[in-house]
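Okay, structure first, notes after.
No lab work stands behind these numbers, since they all come straight from the coordinates. Computed from a predicted model, the values in this text were never measured in an experiment. Glycine also receives a Cβ, built like all others from the backbone with ideal geometry; neighbour counts cover every protein chain displayed.
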Amino acid sequence: MTNSQDLFERAKQLIPGGVNSPVRAFRSVGGAPFFVKRADGATLTTADDKELIDFVCTWGPAIHGHNNPIIKEAISKALEKGTSFGTSNPYEVEMAELIVKMVPSVEKVRMVNSGTEATMTAIRLARGYTKRNKIIKFAGCYHGHVDSLLIKAGSGALTLGNPDSAGIPESFAQETIVLAYNDSEALKDAFSKFGHDIAAVILEPFPANIGLIFPKDGYLQNLRDLCTQNETVLIFDEVMTGFRVTAGGVQEKVGITPDLTALGKIIGGGLPVGAFGGKTEIMDCLAPLGPVYQAGTLSGNPLAMAAGIASLKLLLETDAYTRLEKMGQQVQDALVSTAKAAGIPLQVPQVASMFCPYFSEKPVESLDDAVSTNTDRFNKFFHTCLENGVYLPPSKYEANFISTAHEQGAIDQACDVMTAALKAI
Ligand code: KE4
């Protein structure tokens, strides 16, 4: 009773949809999800003893691949001293020092246990600091399952076709203004209409929950200027892109400084984690110093901190980003050239170790563009790759991740499988 099919049957009796996170359910690509019993390097071993080259990388955290020996060693060293103390521990200080060093816009940081907690608290903090209620988010951006942000959300919400979740009171939704990403006119209109009522703008600077979309020239700078002019808090949700696209995230890459940043994934080395940080003036509004409350039993958990510290140090001490960029470009080149030769309309935006195959004639610059890409072709591509040992994210709205554990052999093999899958379409 331990193969994927049996496990899924048992899971469905007790866990809604048989999954603890909807995007794992394969609802948009079809078919039944597989279960994984172990993972090593770039490889997942399923409950059916099938080995897969993994491009999901547990949705971002596994930038050094799975079961990395140095991260594992860090966790077991911490484990010898216990799992959770309910008091502060030395790892939390080292983690804060690392984050502040790697992301200069973060002057102070607070650890939490998920990306959702990070964005949820950043919003509350911005509202408490500005004493304003309205926030702006962008259609298709996903910031975790926060009530005020599950409006026109991306990732699993979009995959399941319900970007507006049930259970959110209209009174909450009214405080959230949703704009189209990359539309500077819409931004200007919103600020001229609501200007000094807007507490915060939150966005994924490179939206990666509608696939992978890049800002038009000047778009982020324009947003930065409007927030400054209106004393609105600019929040970059870098839960996914932080430490992924560069050590300092998108903000380092594009040279735009947000007021607050939400972080997660990589800083936990695969264990539950989130963090948010930014200007001292804003962060000091947080309890116990200020009136904005936030708390967490397991925040700064020593095991997660030890794993995250090892993960960040590995990024600082190796030439990870050079290798990751090279592998990202190799995958993009292979897919684009094969699709061109086969006459298949395909876009493959790529940045560092993130890429996303869109079956589309034209470049994807907005949520509408992403929605209109060819879902059937993506699903065929997904399943053909999976049948041949390559696991891509089970939704056309998710980004693919490469890790430093994807040795050249795995990348070459994956490119062969993906290009063959393209031709098969
Ligand atoms: P978590 O609460 O899932 O740790 O983080 C939420 C979150 C916040 N911000 C961004 C930009 C994110 O991408 C996420 C979570 N990412 C999804 C994958 N696109 C997690 C996968 C899942 O929901 O199972």
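Annotations
- Interchain or long-range residues, amide H under 5 Å from Val36's placed H: Ala47
- When only alpha carbons are used to place a centre, the range 284-330 and the range 380-422 end up 27 Å from one another.
- Karplus-derived 3J(HN,Hα) values for the range 122-134, using 6.51 cos²θ - 1.76 cosθ + 1.60 with θ = phi - 60°, are 4, 5, 4, 5, 5, 5, x, 6, 8, 6, 10, 10, 6 Hz; glycine and proline are entered as x.
- Kirkwood-type radius of the range 1-129, with distances r between different C-alpha atoms, in Å: 18.2 Å
- Pairs from Lys137/Lys396; Lys137/Lys216; Lys72/Lys313; Lys108/Lys131; Lys380/Lys423 whose Cα-Cα separation, in the structure shown, is over 19 Å: Lys137/Lys396; Lys108/Lys131
- Relative contact order (percent, whole number), the chain, Cα cutoff 8 Å, 6+ residue spacing: 22 percent
- In terms of packing, defined here as the mean over residues of other Cβ atoms within 10 angstrom, the peptides 231-238, 329-336, 120-127 line up highest first as 231-238, 120-127, 329-336.
- In terms of its Cα atoms, the chain spans 56, 54, 46 Å along the principal axes, sorted from long to short.
- For the range 194-210, Karplus couplings with θ = phi - 60° (6.51, -1.76, 1.60), whole Hz, Gly/Pro x: 10, x, 7, 9, 8, 6, 8, 10, 10, 8, 7, x, 10, x, 10, 10, 10
- Put in line by how crowded their Cβ is, counting other Cβ atoms within 10 Å and starting with the fewest, Lys72, Lys193 read Lys193, Lys72.
- Annotation: amide H of Phe138 within the under-5 Å range of Leu179, sequence separation 5 or more or interchain, hydrogens built in the peptide plane.
- Of all lysines in the structure, those lying under 17 Å Cα to Cα from Lys50, and not within fewer than 8 positions of it along the same chain, are Lys37.
- Here's how it looks for Gly264: its modeled amide H is under 5 Å from those of Ala275, which are all 5 or more places away or on a different chain.
- Helices in the chain, meaning DSSP H runs of at least 4 residues, each add -39500 (n - 2.57). Divided by all residues, the mean residue ellipticity at 222 nm is -12000 deg cm²/dmol.
- Across q = 0.15, 0.16, 0.22 Å⁻¹, the range 321-425 modelled as identical point scatterers on its alpha-carbon atoms has Debye log10 I(q)/I(0) values of -0.56, -0.65, -1.26, in the order of the q list.
- With only the Cα atoms considered, the range 69-316 has a convex hull volume of 124 Å³ per residue.
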